[in-house]
Amino acid sequence: MKFAVVNFPGSNCDMDLYYAIKDGIKEEVELVDYRKTSLAGFDGVLIPGGFSYGDYLRSGAIAVHAPIISEIVRFANEGKFVLGICNGFQILTELHLLPGALIQNEKSRFICETVTLQVMNNQTIFTNRYTENEKIRIPVAHGEGRYYCDEQTLEELKANDQIVFRYDENINGSVDQIAGVMNRQGNVLGMMPHPERALEDIVGSSDGLKLFQSIINQVRVNN
Amino acid sequence: MTEPTAKQIQDSKLYQQWGLSDSEYKLICEKILHRLPNYTETGLYSVMWSEHCSYKNSKKVLRKMPNKSDRVLAGPGEDAGILDIGDGQAVVFKAESHNHPSAVEPYQGAATGVGGIIRDIFSMGAQPFALLNSLKFGPLKDGQTKHLVNEVVAGIGGYGNCIGLPTVGGEISFENCYENNPLVNAMCVGLLNKTDFKHGTASGKGNLIVYVGAKTGRDGIHGATFASDEFTDTKNKQRSAVQVGNPFIEKLLMDACVEIIEKHPNWILGIQDMGAAGLVSSTAEMASKADSGLILNLDNVPQRETEMSAYEMMLSESQERMVLCVKPQFKDNVLAFFKNFELDAVVIGQVTGDKQYKIYHRDELVTDIPVRSLTEDVPEYDRPEVEPKRIAQDRDYHFVPKIDSLIDTWQALLKQPNIASKKHFYQTYDSQVKADTLVQPGSDAGVTRIRGTKKAIAMTNDSNSKYVYLDPYVGGQITVMEAARNIVASGAEPIGVTDCLNYGNPENPEVFWELDKSVEGIASACEKINTPVISGNVSLYNEYNDEAIYPSPMIGMVGLIDDVKKVTTIAFKEAGDLIYLLGNTFNDFNGSEIQLQQTGSIKGGLRPLDLNEERLHQDLIRQAINQGLVASCHDLSEGGLAVALSESAFDKQLGFEIETDLTSAQMFSETQSRFLVTVKPEDKTNFENLVLRDFQYLGQVTEDSTFKVTTKDETVSINGKEASNNWKEAIACLMK
């Protein structure tokens, strides 16, 4: 199985994701430059965290004009899996591949902390190795991670089981304590917390490992 | 605007406004140039001869620092120092102050302090991997100080978070003397493959000088001169001397520089960051190191403002810029390489054989002076020094606190701003990006692993200016040893030091005495534990209305852990673990937090530090950790045993039950050379047989979060949850 980690100018968690695949689950992985126009040969796309283009305009707002983007959209529409973490989540909402938006944290401060998440839906490509309602410890690091959507969207998210992760304690003021959502088809996930920073007990938690193992698990089952 | 002529500069003594003294100006005219320098040249001398660039006031003192060990690959004189850590790898680190800019424009001042120190690391060919900082402010009383604190913290976070380097450690403290002159010191640590090491030199006639990075604007002109002057009520608004940072550009620049050095080492002969005094300082230093000459053509410099003069371009401190010395045959490769990162890269000059520094601007030769006159001919000053009166007056004063209620004193001390948790601030820094952080802020030292090896690096920033104020020599020693204990308690071997020496005006003999004595203290301590001082910076003239800050040396220490299994934290691990205190406790209350709490100020002399005992205790802890006998370890510092016990218990919400023959007051004594250690019951005999002396068994870690304490005077039961809340909430409350 071969993963693409898309690298935008200013992405800074690209290597963390690269190592998560290479060392964490020992699969094939390649960094893909934002100027490339093809994702041929890849089974899945990972969009890393960071500050693409410095996030000077609005998080993710400039990245969505990069050449690789139309290929990511095609990939998502074909039902292949796309995972966006932190800035990657912001890019996916900017692209409307995921509903809602990420706005400045309630207390308007950047927050870096390892927090407790609840796995709300363990029947997904990304979470099938977790148990239902499992509590996991995953680091967050963001200034604009407050998930916002209108009430109707929230009802749809709930009705379709699209809320994948919720914060145990609402650290940033997110609607319904949402930490991660997927699209209706279930092949695109965006999340603010960083599972790629929680792969070994030595760095504080290994609870993120199952997320990457889930993807492998699912793809193997499908094949 | 037409620039004044050389004669007008002489007559109006314009050079004085730029910081050159009459005698220095005379030296330039009569001994170096044998003519009057023009406007641009006078500007170049004034920044290059400022204290900030030349260390003319501090050089003599700095030579007292040890800078050699088996590990040292590069020491002072390069952008940063380098220490060998085996396996073909080395660590590169340096700390730098950004005090003056932060006082005037706190967000950008702090942000560009971080940006500058990162460039110092990757200009050596190293990949930066961790940041630390040491901040000092006035008391958190008025809105102005709180604004300053918020903006400095936001600036540090804004830059480090965006560029994607974890901030793994640091310190923040509050004293009256920093109210109008805050201190902002930042440190960066990087990893170098020894073969990638690049000197900052420009050698070989005909080789090209290439400018890379952000465009040059009018920001930060005369920043170095500004940093070498004092603040007064009328002189505190020089905003034009402050730079503006762009971490996004720096991220591109960092990635590009690291990659070009790693993949194409033969393209680049030398590389240097444009920091203080920008273009002139970087190019002059590179040429001076190689004893070569340079010709620069300023018309090629990327500019973001129009009509900039040569003077403005040469002195601008615009951020995110580097200078490279490139072999002509690789010119096109180098320019294309940076273009691929969407960075400006242009040839702005070349190396010559005549040892002259020549600048052309609009086809006019605007500077023609000897290269080395900028870097080597700076007069060195031997400043007079006098012991301040307070030292002799208060030497025999011994403060001993009176403890009416051990419980109330204990709880109140945990709320003191210098002791309370700083999480309110450091949780706004990304401490985990890169996924290599093993110990995050909040323990004794930050620890980062080196991916692909078993090794890890421990890092800390420490200072205690209260002690240095009371006794610069002993205070200097204490600063080093406290840093060393933090490194040792984390499971590491201390291997080297960088420093920021923050003081008042060196032309004041009392200030110079403080500088000299504290450096002697630092040097003696560094020698004792074999930690050479391999880089650093000096920040003098930290005064407001002629009132100097406390002498405030900051020590940034780095330690090596050969196996990540040895990483140790301060947190008590589980109930039943045995608690030991290593080191004897005396009535050391002068300069302590308990003295500050009870009297509102500090006073008295310090007991000499026994360096042999200090070293012995550090070695014992290292041996115990190496043998796997230590469950947790915490250095004792401000607030003494009471605070160390509390902090160790808070992380896992545990408690403890202890009995000691110390008095209740001595629970707060700040005697040096002590560690708090917990040991699993099965390791009791091995631990006690190893340590043998100077230790006291105190008691056990308990499940219940209560602190049960029996001193020589009394037995009390302290509510651990309340203690934890006091400690955790105090800063957020004060910042409201």
For segment A:1-31, give me the residue count where each residue is more than 14 Å from chain B (Cβ to nearest Cβ) and either more than 18 Å from the chain's Cα centre (by Cα) or within 29 Å of A:ARG146 (Cβ to Cβ) (or both). 7
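Just to check your reading of the model, which residue among B:LEU36, B:LEU14 is at pLDDT 95 or above, over 33 Å from the mean Cα position of the chain (by Cα) and surrounded by fewer than 19 Cβ atoms within 10 Å (Cβ to Cβ)? Explain how you work it out, then say what you get.
Details: B:LEU14 fails: at pLDDT 95 or above.
Residue meeting the stated conditions: B:LEU36.
Return the only residue of B:ILE570, B:ILE555 being assigned to a loop (DSSP other than H, G, I, E, B), touching a Ser or Thr at 6+ places or on another chain (Cβ under 6 Å) and at pLDDT 95 or above. So that I can check it myself, show each step before the final result.
Details: B:ILE555 fails: assigned to a loop (DSSP other than H, G, I, E, B).
Going through B:ILE570, B:ILE555 in turn, just one is assigned to a loop (DSSP other than H, G, I, E, B), touching a Ser or Thr at 6+ places or on another chain (Cβ under 6 Å) and at pLDDT 95 or above: B:ILE570.
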One residue is enough: does segment B:405-425 have a residue meeting the conditions hydrophobic (A, V, I, L, M, F, W, C) and either within 30 Å of B:CYS29 (Cβ to Cβ) or in a strand (DSSP E or B) (or both)? no
Could you tell me which residue of segment B:562-588 is surrounded by the most Cβ atoms within 10 Å (Cβ to Cβ), considering only residues that are farther than 27 Å from B:LEU654 by Cα and within 27 Å of the chain's Cα centre (by Cα)? B:ASP562
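Of the residues that sit in segment A:34-58 and are under 22 Å from A:CYS112 (Cβ atoms), of a type in the set (Gly, Ala, Ser) and outside any loop (DSSP other than H, G, I, E, B), which one is farthest from the other protein chains (Cβ to nearest Cβ)? Reasoning before the result, please.
Filtering segment A:34-58 for residues under 22 Å from A:CYS112 (Cβ atoms) gives A:46-56, A:58.
Narrowing further to those that are of a type in the set (Gly, Ala, Ser): A:49-50, A:52, A:54.
Cutting the leftovers down to outside any loop (DSSP other than H, G, I, E, B) gives us A:50, A:52, A:54.
Working: A:GLY50: 6, A:SER52: 9, A:GLY54: 3 Å.
Here the residue is A:SER52.
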From the set of residues in segment A:95-112 that are more than 14 Å from chain B (Cβ to nearest Cβ) and either of a type in the set (Gly, Ala, Ser) or touching a Ser or Thr at 6+ places or on another chain (Cβ under 8 Å) (or both), which is surrounded by the most Cβ atoms within 10 Å (Cβ to Cβ)? A:LEU102
Please tell me if B:TYR357 is of a type outside the set (D, E, K, R), more than 14 Å from chain A (Cβ to nearest Cβ) and out of contact with any strand residue (DSSP E or B) (no Cβ under 8 Å at 6 or more places or on another chain). no
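For segment B:112-148, enumerate the residues that are charged (D, E, K, R) and either modelled with pLDDT under 95 or in a helix (DSSP H, G or I) (or both). Steps first, answer last, please.
Filtering segment B:112-148 for residues charged (D, E, K, R) gives B:119-120, B:136, B:141-142, B:146.
Residues satisfying the conditions are B:ARG119, B:ASP120, B:LYS141, B:ASP142, B:LYS146.
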Filter segment B:1-11 down to the residues that are β-branched (Val, Ile, Thr) and surrounded by 12 or more Cβ atoms within 10 Å (Cβ to Cβ) and list them by number. B:THR5, B:ILE9
Residue under evaluation A:ILE171, criteria (1) in a loop (DSSP other than H, G, I, E, B); (2) under 18 Å from A:SER59 (Cα atoms); (3) within 14 Å of chain B (Cβ to nearest Cβ), criterion not met: (2)
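Are any of the residues in segment B:245-254 assigned to a loop (DSSP other than H, G, I, E, B), modelled with pLDDT under 95 and out of contact with any Cys (no Cβ under 8 Å at 6 or more places or on another chain)?
Filtering segment B:245-254 down to residues assigned to a loop (DSSP other than H, G, I, E, B) leaves B:245-246.
If we keep only those that are modelled with pLDDT under 95 too, we end up with B:245-246.
Filter once more, so that each one left must be out of contact with any Cys (no Cβ under 8 Å at 6 or more places or on another chain): B:245-246.
The answer is yes, given that some residue of segment B:245-254 is assigned to a loop (DSSP other than H, G, I, E, B), modelled with pLDDT under 95 and out of contact with any Cys (no Cβ under 8 Å at 6 or more places or on another chain).
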Residue list for segment A:133-148, restricted to those being away from every other protein chain (no Cβ under 11 Å), in a strand (DSSP E or B) and either within 14 Å of A:PHE165 (Cβ to Cβ) or within 13 Å of the chain's Cα centre (by Cα) (or both): A:LYS135, A:ILE136, A:ARG137, A:TYR147
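Before we move on, is B:GLU482 away from chain A (no Cβ under 14 Å), modelled with pLDDT under 95 and within 25 Å of the chain's Cα centre (by Cα)? Full working, then the answer.
Numbers: away from chain A (no Cβ under 14 Å): yes; modelled with pLDDT under 95: no; within 25 Å of the chain's Cα centre (by Cα): yes.
Spelling it out, it is not the case that B:GLU482 is away from chain A (no Cβ under 14 Å), modelled with pLDDT under 95 and within 25 Å of the chain's Cα centre (by Cα).
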Residue ID - nearest to the other protein chains (Cβ to nearest Cβ), chosen from residues in segment B:442-462 that are touching a helix residue (DSSP H, G or I) at 6+ places or on another chain (Cβ under 6 Å), of a type outside the set (Gly, Ala, Ser) and crowded, with 24+ Cβ neighbours inside 10 Å: B:ASP444
So B:GLU510 passes all but one of these: (1) in contact with a helix residue (DSSP H, G or I) (Cβ under 6 Å, 6 or more places away or on another chain); (2) surrounded by fewer than 24 Cβ atoms within 10 Å (Cβ to Cβ). Which condition number does it fail? (1)
Within segment B:406-441, residues being within 11 Å of another protein chain (Cβ to nearest Cβ), in contact (Cβ under 8 Å) with a residue 12 or more places away in the chain and among the small types (Gly, Ala, Ser) number 1
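Scan segment A:59-69 for residues that are without any contact (Cβ under 8 Å) to a residue 24 or more places away in the chain and part of a helix (DSSP H, G or I) and jot them down.
Taking segment A:59-69 as the starting set, the residues that turn out to be without any contact (Cβ under 8 Å) to a residue 24 or more places away in the chain are A:62, A:65.
Hit for segment A:59-69 is A:HIS65, nothing else.
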Can you name the helices (runs of 4 or more DSSP H) wholly within segment B:310-403 that have at least 1 residues being touching a Ser or Thr at 6+ places or on another chain (Cβ under 8 Å) and β-branched (Val, Ile, Thr)? B:371-375
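Would you be able to say whether some residue in segment B:149-164 is touching a residue at least 12 places away in the same chain (Cβ under 8 Å) and either more than 23 Å from B:PRO441 (Cα to Cα) or outside any helix (DSSP H, G or I) (or both)? Talk me through it step by step, then tell me what you get.
Just the residues of segment B:149-164 that are touching a residue at least 12 places away in the same chain (Cβ under 8 Å), to begin with: B:149-164.
After this cut, where a residue has to be either more than 23 Å from B:PRO441 (Cα to Cα) or outside any helix (DSSP H, G or I) (or both) as well, the list is B:164.
Yes, the conditions are met somewhere in segment B:149-164.
Taking only segment B:68-82 into account, find how many residues are part of a loop (DSSP other than H, G, I, E, B) and either buried (at least 20 other Cβ atoms within 10 Å of the Cβ) or at negative phi (or both).
The first filter runs over segment B:68-82 and keeps only residues part of a loop (DSSP other than H, G, I, E, B), leaving B:68-71, B:75, B:77, B:79-80.
In the following step, the residues that additionally are either buried (at least 20 other Cβ atoms within 10 Å of the Cβ) or at negative phi (or both) were identified as B:68-71, B:75, B:79-80.
So the answer is 7.
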Any idea which of A:PHE212, A:PHE165, A:PHE126 is in contact (Cβ under 8 Å) with a residue 60 or more places away in the chain, away from every other protein chain (no Cβ under 12 Å), touching a Pro at 6+ places or on another chain (Cβ under 8 Å) and more than 20 Å from B:SER431 (Cβ to Cβ)? A:PHE212
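Residues checked against (1) surrounded by fewer than 24 Cβ atoms within 10 Å (Cβ to Cβ); (2) more than 14 Å from every other protein chain (Cβ to nearest Cβ); (3) in a loop (DSSP other than H, G, I, E, B):
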{"position": "A:THR114", "(1), (2), (3)": "yes, no, no"}
{"position": "A:ASN121", "(1), (2), (3)": "yes, yes, yes"}
{"position": "A:THR131", "(1), (2), (3)": "yes, yes, yes"}
{"position": "A:GLN152", "(1), (2), (3)": "yes, yes, no"}
{"position": "A:LYS158", "(1), (2), (3)": "yes, yes, no"}
{"position": "A:GLY180", "(1), (2), (3)": "no, yes, no"}
{"position": "A:LEU189", "(1), (2), (3)": "no, yes, no"}
{"position": "A:PRO193", "(1), (2), (3)": "no, no, yes"}
{"position": "A:ASP207", "(1), (2), (3)": "yes, no, yes"}
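So is B:GLU151 within 14 Å of another protein chain (Cβ to nearest Cβ) and surrounded by fewer than 20 Cβ atoms within 10 Å (Cβ to Cβ) or not? Let's see the steps before the verdict.
Details: within 14 Å of another protein chain (Cβ to nearest Cβ): yes; surrounded by fewer than 20 Cβ atoms within 10 Å (Cβ to Cβ): yes.
It is true that B:GLU151 is within 14 Å of another protein chain (Cβ to nearest Cβ) and surrounded by fewer than 20 Cβ atoms within 10 Å (Cβ to Cβ).
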How about segment B:115-148: which of its residues are touching a Ser or Thr at 6+ places or on another chain (Cβ under 9 Å) and either aliphatic (A, V, I, L, M) or within 14 Å of chain A (Cβ to nearest Cβ) (or both)? B:PHE129, B:ALA130, B:LEU131, B:LEU132, B:LEU135, B:LEU148
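State all residues of segment A:132-162 that are of a type in the set (S, T, N, Q) and without any contact (Cβ under 8 Å) to a residue 12 or more places away in the chain; if no residue qualifies, say none. Step through it out loud before you land on a result.
Of the residues in segment A:132-162, the ones of a type in the set (S, T, N, Q) are A:133, A:152-153, A:160, A:162.
If the condition is that a residue be of a type in the set (S, T, N, Q) and without any contact (Cβ under 8 Å) to a residue 12 or more places away in the chain, then A:GLN152 is the only one that fits.
The values are calculated or read from the model by the stated rules, or taken from the named source; none is laboratory data. Just so we're clear, the structure is a prediction, and the values are computed from it rather than from any experiment. Cβ coordinates were reconstructed from backbone atoms using ideal geometry, including for glycine residues, and neighbour counts include every protein chain displayed.
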